[in-house]
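Down below is the structure, laid out as structure tokens.
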Amino acid sequence: MAKIVGDQIAVVHTWQPWLRIIVTGASLGLVAWFLTFILARYVVDPLMCRDVVNAASCANSTSIAGNIATIFTGLLGLFLIIRLQIPRLAIIAVATAAITWNLAALTDGLALLEVAGWSIVVYALSYLLFYWITRGSRLAISLIVSLIIVVIIRIALVL
């Protein structure tokens with residue numbers, strides 16, 4: 001929002017878009033956790049854990065369900081960001097999906113509410129980070145910086 005005062009332009013920054021993106025990210029984190037839980041219990045486990053032959057797949061069922069949930073959550077996030085009219089929405093949704101890929105495997109073994117909490121925090125911070133990066137810069141700079149951050153975080157998660 002800009003207000004013209006004489007020859008000068010005063011730019012007024014509001015906190016509302018920041019709050020909306022944090023709430024959107026946190027909500028998507030909750031959705032991702034819920035989808036992972038439902039998919040693991042009612043879809044992936046019954047399909048993968050029927051036979052003794054698929055023991056390796058059965059051990060990775062939470063990770064598989066989490067990756068499927070990440071794809072669905074990324075698509076849902078893309079539609080929510082369209083509703084919020086946030087620019088460069090694909091960068092935010094794809095970069096967050098890349099960071100949260102395999103989050104279910106990282107949090108496997110934690111208590112149910114701990115996993116939900118971590119999912120909410122990670123999604124909220126990811127959406128906030130990439131919203132901040134894409135907000136004021138050019139498209140090429142946003143893409144390059146987002147890609148560098150995603151690569152650094154993925155490498156750090158492997159170590």
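Since every read-out is calculated from the coordinates, none of them should be taken as a lab result. Remember, it's a predicted structure, so these values are computed and weren't measured experimentally. Here the Cβ is made from the backbone with ideal geometry for all residues, glycine too, and neighbour counts use every protein chain on show.
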Projected label distance in nm at residue 41 and residue 118, using a 7 Å step from Cα toward the beta-carbon: 1.9
Integer Hz, Karplus 6.51/-1.76/1.60 couplings in order for the range 16-32, x for Gly and Pro: 4, x, 5, 5, 5, 6, 5, 5, 4, x, 5, 5, 5, x, 5, 5, 4
Mean separation of Cα contacts under 8 Å (6+ apart) over length of the chain, as relative contact order %: 29
FRET E, pair residue 79, residue 102, Förster distance 25 Å, beta-carbon r, rounded to 0.05: 0.60
Theoretical FRET efficiency, 1/(1+(r/R0)^6), r = Cβ-Cβ of residue 18 and residue 148, R0 22 Å, to 0.05: 0.45
Translational diffusion of the range 20-158, µm² s⁻¹ [Kirkwood Rh, Cα pairs; Stokes-Einstein; 20 °C; 1.002 mPa s]: 139
Where trypsin sites (Lys or Arg not before Pro) fall in DSSP loop in the range 64-159, at most 10 other Cβ within 10 Å: 138
Tilt relative to the chain, helix 139-158 - C-alpha long axis, 0 to 90 degrees, to 10: 30
